[in-house]
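Scroll down for the structure; my scribbles are underneath it.
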Amino acid sequence: MVTRALPVKRVTPEYWEDACKHLAKKDRVMRRLIPQFGDACLESRGDAFVTLARSIVGQQISVKAAQAVWDRFAALCQSITPARVLKLKVDDMRAAGLSARKVEYLVDLALHFSNGAVHTRQWSSMEDEAIIRELVDIRGIGRWTAEMFLIFYLLRPNVLPLDDLGLINGISKNYFSGEAVSRSDAREVAAAWQPYCSVATWYIWRSLDPQPVAY
C-alpha cells in the first residue's frame with residue numbers, strides 16, 4: 001500500500017500589501033524592487049518541529065545533499081514528530097547520512113519539543129526575542145536559524161537578520177554601489193523599513209535571487 005503525503009498548506013502574511021505600500025513610500029530602493037516581483041510573497045509551510053529539523057539536517061551541506069539526507073531520514077518513520085524521532089536508533093540515523101553531531105542536535109530538538117521546554121502554543125503572543133532565546137537554547141540552533149524561523153515559519157513582520165550574508169550583500173549592491181557594508185550601515189538603511197524589516201529583507205534577497213524561498 002502506498003501512502004500519499006498530504007499537500008502542504010502554505011500561508012501568506014495578511015500584512016504584506018500594507019507593508020509593500022509602506023516600504024514603497026519610505027524607501028526609494030523598495031519602490032523600485034517591489035513591482036519587479038508581482039504577487040510573489042513570503043510563505044510559511046510545514047510544521048514547526050519539521051522546519052527546525054530541516055534546518056539542522058541542512059547545515060553546512062548543499063541544498064541537493066540536504067534533501068537527499070532528509071528523504072532518507074524521513075523514511076525512517078511514518079511522520080516526523082518529536083516522539084518518533086526519540087524512538088529512532090542512532091545507527092539508523094547515521095546510516096541515513098547524518099553526522100553524529102547532527103543526530104545529537106535532532107535528539108535535543110525532539111527533547112525540547114516533547115518536554116515542553118519550548119512554548120509552541122504561546123509563540124503567537126510572545127515577543128521575537130523571547131522566542132529566539134528559547135530556540136538558541138537548543139543545540140545546533142543559533143540566532144540566524146532562529147531569525148529565519150521567525151520570518152519563514154511564524155511570519156513575523158519586523159525581523160532584521162544582520163548575520164545573514166545575503167542581506168548584507170543585497171544592501172551593499174542596492175544602496176552602496178557594491179561597497180563593503182557594516183552592520184551599522186545595514187541598521188541605518190533598515191531604519192526606513194520599520195516596522196516591516198522582514199518584508200524588506202525578503203525583497204533584498206529577491207534582488208540577488210529572483211526565485212522565492214520557502215522553508
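Inter-label distance, Arg31 to Glu127: 3.4 nm, where each label sits 7 Å from its Cα along the C-beta direction. Please check: in the Gaussian network model of the chain (C-alpha springs, under 10 Å), which one of Glu43, Glu127, Glu104 has the largest mean-square fluctuation. Comparing Glu43, Glu127, Glu104 in a Gaussian network model of the chain, the most mobile one is Glu127. Relative to the longest principal axis of the Cα atoms of the chain, helix 16-26 runs at roughly 30 degrees.
When all protein chains stay in place and ligands, DNA and RNA are ignored, the 1.4 Å accessible-area order of Glu179, Glu129, Glu14, Glu147, largest first, is Glu14, Glu179, Glu129, Glu147. Residue separation of Gln211 and Thr120 scaled by 0.36 nm, minus their Cα-Cα distance, works out to 29.8 nm of gained length. Computed from the C-beta positions of Ala40 and Glu104 and an R0 of 45 Å, the FRET efficiency is 0.75 to the nearest 0.05. Residue-wise HN-Hα couplings along segment 138-148, as the Karplus relation 6.51 cos²θ - 1.76 cosθ + 1.60 with θ = phi - 60° gives them from phi, are 8, 4, x, 10, x, 4, 4, 4, 4, 5, 4 Hz; Gly and Pro carry x.
For segment 68-142, with only Lys/Arg (+1) and Asp/Glu (-1) charged at the beta-carbon, what is the dipole magnitude about the Cα centre, in debye rounded to 20?
So the magnitude is around 380 debye.
Here Lys64 is the anchor, and the aspartates and glutamates within straight C-alpha reach of less than 20 Å, apart from those fewer than 8 places off in the same chain, are Asp209.
Charging the Cβ of each Asp and Glu at -1 and of each Lys and Arg at +1, and nothing else, the dipole of segment 101-215 about its Cα centre rounds to 200 debye. Among the listed options [x] 56, 48, 33; [y] 54, 37, 34; [z] 62, 46, 31, the one matching Cα extents along the principal axes in Å as calculated from these coordinates is [y]. Contact order for the chain, expressed relative to its length and based on alpha carbon pairs under 8 Å spaced 6+ residues apart, stands at 25 percent. For segment 1-108, the relative contact order is 21 percent, taking Cα pairs closer than 8 Å that sit 6 or more residues apart in sequence and dividing their mean separation by the residue count. By the rule of a C-alpha distance below 25 Å, with chain neighbours fewer than 8 residues away ignored, the lysines paired with Lys26 are Lys173. In segment 45-71, which residues have a backbone nitrogen under 16 Å from the label point lying 7 Å from Asp92's Cα in the Cα-to-Cβ direction? Under 16 Å, as judged by backbone N against the label point of Asp92, lie 70-71 of segment 45-71.
Within straight-line reach of Lys89, meaning a Cα separation under 19 Å, sit the following aspartates and glutamates at least 8 residues removed in sequence or on another chain: Asp71, Glu104, Asp108. Under 5 Å from the amide H of Gly140 lies no amide H of any residue 5 or more positions distant or on a separate chain, with H modelled from the backbone and absent for Pro and chain starts.
Measuring from a point 7 Å past the Cα of Ala192 along Cα-to-C-beta, which residues in segment 27-43 have an amide N at less than 13 Å? Only 27-34 pass the distance filter.
The values are calculated or read from the model by the stated rules, or taken from the named source; none is laboratory data. These numbers were taken from a predicted model, which means no experiment stands behind them. For neighbour counting, all protein chains shown are included, and Cβ atoms are generated from backbone atoms with ideal geometry for every residue, glycine included. Each accessible area value is taken on the protein alone, full model and side chains, heavy atoms only, with ligands, DNA and RNA left out. Shrake-Rupley method; radii C 1.70, N 1.55, O 1.52, S 1.80 Å.
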